[in-house]
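Enquirer: After the structure tokens below, expect a handful of questions from me.
The values are calculated or read from the model by the stated rules, or taken from the named source; none is laboratory data. For clarity, every value in this text was computed on a predicted model and none was experimentally measured. Neighbour counts are summed over all protein chains in view; Cβ atoms, including those assigned to glycine, are modelled from backbone coordinates with ideal geometry. Please note that ligands, DNA and RNA were not included when accessible areas were found on the heavy atoms of the full protein model with its side chains. Shrake-Rupley method; radii C 1.70, N 1.55, O 1.52, S 1.80 Å.
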Amino acid sequence: AQYMTDYFTGCSDVVTGLSSGFKQNNMFQELSRVPLQLQMMCAIYQRSPGGFSNSLTALYGSMVDAMWDWAVSKQRVVAHTKAATRQALMSIATSAQSINRVVFSHTHIEAYIPNREVLHSVLACGLIKAQGDPSAPEYVFLHVSYQEYFVAKQLLIELERNGDGELHMMGAYLLSAS
């Protein structure tokens, strides 16, 4: 509650509304216990007063959009690479998940990047961070939940592409219910 009061200085009605929303939704209440997630949720709430969707997937989509918009505003990435960057992030997340990895190499990332501009966007958008030896860093998603979000989005795209209506409906339901 103190973080929200500090974030929304002078806007006690906003803090009350957001706190009330967290109390009504256990999923959001759990997320708000992670400082990074709480900060993102405050930023999203500020962008669209009145709250956010009850879908965890939609919330993560909003968080990813907010991070992308921030990176564009700070000129860390170029706006026109958004679609290719998202596709690369989905591919990186899915491939890492398929081998039970949350930490991956630069080589692993490059295998899913179409060009240098997208590589720069993937590494600069704030969703993947380097760790370890700067001369040979390993990479992780900012939080494992972002990796899971991108895997889920990739799964839904694959279900849509393969045209299996029943599986697609099940995937869409699972993503909206999560």
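Enquirer: Quick one: in region 83-119, which of the residues that are touching a Phe, Trp or Tyr at 6+ places or on another chain (Cβ under 6 Å) and not aliphatic (A, V, I, L, M) is nearest to Gln131 (Cα to Cα)?
Expert: Phe104
The rows are residues; the columns are (1) at pLDDT 95 or above; (2) surrounded by fewer than 18 Cβ atoms within 10 Å (Cβ to Cβ); (3) of a type in the set (A, V, I, L, M, F, W, C).
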site: Leu38; (1), (2), (3): no, no, yes
site: Cys42; (1), (2), (3): no, no, yes
site: Tyr45; (1), (2), (3): no, no, no
site: Pro49; (1), (2), (3): no, yes, no
site: Asp65; (1), (2), (3): no, yes, no
site: Asp69; (1), (2), (3): no, yes, no
site: Val77; (1), (2), (3): yes, no, yes
site: Ile113; (1), (2), (3): no, no, yes
site: Arg116; (1), (2), (3): no, yes, no
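Enquirer: So for region 156-168 (the condition being surrounded by 18 or more Cβ atoms within 10 Å (Cβ to Cβ), modelled with pLDDT of 90 or more and part of a helix (DSSP H, G or I)), does at least one residue qualify?
Expert: No, region 156-168 has no match at all.
Enquirer: If you don't mind, another one. Test each condition in (1) surrounded by 17 or more Cβ atoms within 10 Å (Cβ to Cβ); (2) over 16 Å from the mean Cα position of the chain (by Cα); (3) under 18 Å from Val64 (Cα atoms) for Phe104 and report the one that comes out false.
Expert: Going through the list (1) surrounded by 17 or more Cβ atoms within 10 Å (Cβ to Cβ); (2) over 16 Å from the mean Cα position of the chain (by Cα); (3) under 18 Å from Val64 (Cα atoms), Phe104 breaks only (3).
Enquirer: Ok, one more. Would you point out which residue out of Gln29, Gln46 is of a type outside the set (A, V, I, L, M, F, W, C), part of a helix (DSSP H, G or I), closer than 21 Å to His143 by Cβ and in contact with a Lys or Arg (Cβ under 7 Å, 6 or more places away or on another chain)? Steps first, answer last, please.
Expert: On the way: Gln46 fails: in contact with a Lys or Arg (Cβ under 7 Å, 6 or more places away or on another chain).
Only one candidate qualifies: Gln29.
Enquirer: Still on this structure, I have one more. Filter region 1-26 for residues that are of a type in the set (A, V, I, L, M) and either open to solvent by 30 Å² or more (accessible area, probe 1.4 Å) or not in a helix (DSSP H, G or I) (or both) and give the result. Steps first, answer last, please.
Expert: Step one: list which residues in region 1-26 are of a type in the set (A, V, I, L, M), which gives 1, 4, 14-15, 18.
Once the filter is applied, which keeps residues that are of a type in the set (A, V, I, L, M) and either open to solvent by 30 Å² or more (accessible area, probe 1.4 Å) or not in a helix (DSSP H, G or I) (or both), region 1-26 yields Ala1, Val14.
Enquirer: So, one more: Kindly check whether there is at least one residue in region 79-95 that is at pLDDT 95 or above, farther than 23 Å from Ala58 by Cβ, under 19 Å from the mean Cα position of the chain (by Cα) and open to solvent by 70 Å² or more (accessible area, probe 1.4 Å).
Expert: yes
Enquirer: Can you name the number of the only condition in (1) free of Cβ contacts under 8 Å to residues at least 12 places away in the same chain; (2) open to solvent by 40 Å² or more (accessible area, probe 1.4 Å); (3) more than 13 Å from the chain's Cα centre (by Cα) that Ser32 fails?
Expert: Every listed condition holds for Ser32 apart from (2).
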